[in-house]
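Structure, as structure tokens:
The values are calculated or read from the model by the stated rules, or taken from the named source; none is laboratory data. Keep in mind the model is a prediction, meaning the values are calculated, not measured. With ideal geometry, Cβ positions are generated from the backbone for all residues, glycine too; neighbour counts draw on all protein chains shown. With ligands, DNA and RNA removed, areas are computed over all heavy atoms of the protein, side chains included. Shrake-Rupley method; radii C 1.70, N 1.55, O 1.52, S 1.80 Å.
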Amino acid sequence: MERQTTRISPADIVRQKEFCDQIAERLAALPQAPLAYVDTYGCQQNEADSERIRGYLREMGCGFTTDENEADIIVINTCAIREHAEDRVLGNVGALIHAKRRHPGQIICLCGCMAQEPQVAEKIRKSYHHVNLVFGPHALWRFPELLYRVMVEGKRVFEYTDEPGSIAEGIPVVRQGDVKAWVSIMYGCNNFCTYCIVPYVRGRERSRLPEDVLSEVKELVEAGYKDISLLGQNVNSYGKDLGLDMDFADLLEQINNIPGEFLIRFMTSHPKDASQKLFDVMGRCKKIAPVFHLPVQAGNDRVLKEMNRHYDRATYLDKVKRLRQAVPGIVLTSDIIVGFPGETTPEFEETLSLIEEVRYDALFTFIYSPREGTPGAKMPDPMPMEEKKANFMRLVEAQNVISAEKHAAYVGKTIRCLIDGKSDEEGCALTARTPGNRLVRVEAGDERLIGTFQDIEITSANTWSLWGKLTQA
Ligand code: 5AD
Ligand code: SF4
């Protein structure tokens with residue numbers, strides 16, 4: 001059923017900016033210029049959220065530091081996707097007590113997906129007394145107001161009410177770089193894969209209006225950004241909630257029509273919603289990077305069904321085939337979970353055979369991690385961790401061979417790449433990305449080339465990256 005997305009009014013954002021001004025006045029009374037430290041865990045969506053948090057902090061008059069000891073305001077933007085990520089965050093948040101002892105006026109905030117989990121928020125309330133503010137992704141747009149309450153009322157504030165979620169435009173942004181940029185096109189997820197916590201912490205799917213996305217991308221291109229990644233948990237269902245005659249493929253095509261030399265990327269795509277129309281648009285739009293992240297998660301049909309993925313192996317493989325027909329040579333990557341509850345080793349071997357059949361350029365591999373509140377966490381999970389780890393290693397080793405072979409095929413080719421950074425590594429002056437997002441280490445070259453497209457001859461390769469030299473050097 002279609003649901004109307006809640007849109008935060010411009011007046012509400014103006015109100016938040018007024019809170020920023022009031023906080024700025026208070027911070028101006030500090031003996032030194034106020035500094036903020038923002039630490040981000042997890043996915044690109046979190047990176048994009050942190051850019052908004054930094055935007056608000058800048059409006060509050062803060063500069064930025066990477067040293068928690070000198071920060072007046074600390075914001076830890078967290079990830080809940082796996083237990084390991086949560087444990088790391090809790091360890092690091094616990095350690096902040098030392099920074100706070102040295103700097104008693106310091107305000108410590110915890111936000112992001114972990115903060116939206118009631119049991120985590122309660123744990124922080126009970127056992128991490130040095131944390132002043134906890135707010136989930138739904139409350140991000142109200143960060144200034146919440147921080148103001150902490151400052152004025154001197155109380156700890158917890159804001160993690162469950163809600164379907166909203167869309168807020170006009171939040172200020174401080175971007176991390178000036179070559180690559182992230183643009184969220186939608187938020188939330190409706191898929192409820194049985195292992196995944198995301199739908200519980202990020203709410204239902206909701207799309208930004210196409211005109212808002214297009215004007216943000218235009219501004220970025222005009223500002224010189226060259227590599228623009230469109231973000232959403234499932235970009236292929238973009239627009240479904242808008243009731244407009246426009247889907248993700250149409251949006252891509254319109255972005256492709258924006259003048260200028262730049263690349264468009266997107267992630268993540270759910271295989272069930274990846275359409276032939278999208279493949280065809282990719283085939284004909286030259287600014288859309290020839291790379292597709294299409295998480296398969298598992299190669300066995302019973303496991304896919306238990307995961308609630310809504311596709312089977314054959315359908316997935318057929319989409320890969322059609323994608324490759326539409327965009328020959330496309331770089332294909334995927335996510336895989338090993339050890340989903342009840343997965344047997346013969347079933348896991350079907351994942352192995354699938355990766356051999358598809359021959360992905362790269363894989364992101366994970367051992368299943370039970371997440372409280374998801375159906376998966378209640379499923380019988382008899383396989384010992386040792387066996388899961390052994391299967392995981394088999395997968396990694398098989399993929400390493402494929403990745404190395406795929407990379408070896410680049411040697412001798414000259415590819416137009418985006419120079420995206422400098423490097424201090426021996427034998428490598430600059431880093432670059434192929435259109436398919438493969439990392440290239442460039443032997444020598446001037447830093448002023450960062451942010452430009454250059455022809456690079458690939459001279460050698462290994463499993464993880466390519467080496468090359470500028471043909472114009
Ligand atoms: N355990 C392990 N991996 C997970 N992922 C999501 N939830 C879990 C979990 N509970 C993986 C999926 C997803 C990627 C972002 O993280 O592969 O595509
Ligand atoms: Fe999680 Fe599945 Fe939604 Fe991706 S599509 S965020 S794996 S529930």
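What the table below lists for this structure:
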read-out	value
Test: residue in segment 30-44 that is within 25 Å of the chain's Cα centre (by Cα) and over 26 Å from E216 (Cβ atoms)	yes
Qualifying residue in segment 239-254 (condition: touching a residue at least 12 places away in the same chain (Cβ under 8 Å), within 16 Å of ligand 1 (Cβ to nearest atom) and of a type outside the set (G, A, S))	no
Test for V201: is it out of contact with any Leu (no Cβ under 6 Å at 6 or more places or on another chain), in a helix (DSSP H, G or I) and away from ligand 1 (no atom under 16 Å from the Cβ)	no
Residue check for I53: open to solvent by less than 80 Å² (accessible area, probe 1.4 Å) and over 22 Å from the mean Cα position of the chain (by Cα)	no
Matching option when the condition is open to solvent by less than 10 Å² (accessible area, probe 1.4 Å) and touching a residue at least 60 places away in the same chain (Cβ under 8 Å), among A121, A80	A80
Hits in segment 29-45 (condition: assigned to a strand (DSSP E or B) and more than 16 Å from ligand 1 (Cβ to nearest atom))	L35, A36, Y37, V38, D39
Residue among G154, G203, G188 that alone is among the small types (G, A, S), within 16 Å of ligand 2 (Cβ to nearest atom) and free of Cβ contacts under 8 Å to residues at least 60 places away in the same chain	G188
Lone qualifier among E59, E68, E51 - being of a type in the set (D, E, K, R) and either modelled with pLDDT under 95 or within 16 Å of ligand 2 (Cβ to nearest atom) (or both)	E68
Where a residue in segment 287-313 is on the phi > 0 side of the Ramachandran plot and of a type in the set (A, V, I, L, M) and its partner, wherever it lies, is modelled with pLDDT of 95 or more and within 13 Å of ligand 1 (Cβ to nearest atom), with Cβ under 9 Å and at least six apart	none
Candidates A85, A139, A99, A115 - the one that is touching an Asp or Glu at 6+ places or on another chain (Cβ under 8 Å) and either closer than 30 Å to S229 by Cα or not in a helix (DSSP H, G or I) (or both)	A139
Residue within segment 180-190 that is open to solvent by 50 Å² or more (accessible area, probe 1.4 Å) and under 20 Å from E219 (Cα atoms) present	yes
Unmet criterion (only one of (1) within 19 Å of D241 (Cβ to Cβ); (2) surrounded by fewer than 18 Cβ atoms within 10 Å (Cβ to Cβ)) for G154	(1)
Conditions (1) of a type outside the set (V, I, T); (2) in contact with an Asp or Glu (Cβ under 8 Å, 6 or more places away or on another chain); (3) modelled with pLDDT under 95; (4) surrounded by fewer than 21 Cβ atoms within 10 Å (Cβ to Cβ): number failed by R302	(3)
Complete set of residues in segment 219-251 that are charged (D, E, K, R), away from ligand 2 (no atom under 16 Å from the Cβ) and either within 16 Å of S184 (Cβ to Cβ) or open to solvent by less than 10 Å² (accessible area, probe 1.4 Å) (or both)	E219, D227
Output for segment 310-363, where each listed residue is β-branched (V, I, T), more than 14 Å from ligand 1 (Cβ to nearest atom), open to solvent by less than 30 Å² (accessible area, probe 1.4 Å) and not in a helix (DSSP H, G or I)	V327, I330, V331
Candidates V150, V173, filtered to the one that is assigned to a helix (DSSP H, G or I) and more than 15 Å from ligand 1 (Cβ to nearest atom)	V150
